[in-house]
Amino acid sequence: MIIAVIIGMALVTMIPRFIPAFIVDKINFPSWINRWLNAIPYAALGALIFPGVLSVKQDQPLIGLAGGLVAIALAFFGFNIILVVVGAIATVFLLTF
Amino acid sequence: MTSKAIQEKHTSTRLMMIQKGIAKGIPIMMGYLPVALTYGVLAKQAGMSIFEITLMSVLVFAGASQFMGAGMIAIGTGAVEIIIATFVLNFRHFVMSLSFMNRLRGINLKWKVPLSLGLTDETFSVASIHSEEAKQDKGTYFYAALMITAYFSWVFGSFLGGVLGDIIPETLSQSMGVALYAMFIGLLIPSVKKELKFGLIAVIAMLVNGIFSQFVDTGWAIVAGTLIGGATGIILLKEDPQ
């Protein structure tokens, strides 16, 4: 029974993932759609960061916010992304310890 | 040049792309391992077997929906409801895939289909920030190596979580929950430093997501934020010279 649920979940996840591979082979988009699609990564990053980052620690949005702000600062000063990640983890760890 | 020399050049470019892909996949791995471990533990508590826990990671490969799926299995939700909820939550990958596949236009369908199946929030974000590889020789190996690195850390972490149970102390695993957000921030900021308007697009998407998430499911709110935020790019961005 659980296996059937897993296969169902897999299908509804995989189909939307691969359909675009066929779409771009068939259709040439006008310039405005290309600009839209090129902006999608930045929009997706925004939507993935906020408000999700506030829920890192349940009921304490400020902790996630602090981790996020440290990440912004480290990234702004050009630190390697691994250090950005480690810095944010350390911040949250120290605040919840 | 002899054909052998050409052959060697191809191999070394391919190797370089694979190494680069793995290197760029390391931050994803750091984020995935603790999250996957937590998923494994949670799914075990939900009554799933190690085989089912791992199979879900192998076939679904989408973190948030797997947490939700395991949670719904635990409380005995019907299969159809779980599958519909998964569709809603993961539909954002359709939008992301359309954006990524549009970058890979010139590339053979034999590559595009497997690469599209490896798309998650994280692999999409890293792959999109490295869009120049799409035009380079053997660039597909870069994306494939990136996705395989992410995929294996996800599958392996889930399995380990199911086998070992709660091994990471709660404070640490909770702290590591910020890892993927920090990675998204670490990907976004350098682009914003280059072009402020990328930041504007992201902030609009954040606000739209924040507003929509008050009224609709998280999945739809992220889709709305991504689409509406991205739409501002129609005005803000110039066409990419391809």
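When A:Ile82, A:Ile89, A:Ile27, A:Ile49 are checked against the criterion of being surrounded by fewer than 18 Cβ atoms within 10 Å (Cβ to Cβ) and either more than 7 Å from chain B (Cβ to nearest Cβ) or in contact (Cβ under 8 Å) with a residue 12 or more places away in the chain (or both), A:Ile27 stands alone in meeting it. In the set (1) surrounded by 14 or more Cβ atoms within 10 Å (Cβ to Cβ); (2) within 7 Å of chain B (Cβ to nearest Cβ), A:Pro61 fails one condition alone, (2). Considering the stretch B:97-117, and only residues there that are under 13 Å from A:Ile15 (Cα atoms) and facing chain A (nearest Cβ under 7 Å), the residue that is surrounded by the most Cβ atoms within 10 Å (Cβ to Cβ) turns out to be B:Ser116. In the stretch B:207-226, the qualifying residues are those that are surrounded by fewer than 19 Cβ atoms within 10 Å (Cβ to Cβ) and in contact (Cβ under 8 Å) with a residue 60 or more places away in the chain, and the one that is farthest from A:Leu37 (Cα to Cα) is B:Asp217. On inspection, B:Ile73 does not qualify as loosely packed, with under 15 Cβ neighbours inside 10 Å, of a type outside the set (Gly, Ala, Ser), in a helix (DSSP H, G or I) and within 14 Å of chain A (Cβ to nearest Cβ).
None of the figures in this text is laboratory data; all of them are computed from the coordinates on show. As the structure is a computational prediction, the values presented were derived from the model and not from experiment. All Cβ positions, even for glycine, are placed from backbone atoms using ideal geometry, and neighbour counts span all protein chains on display.
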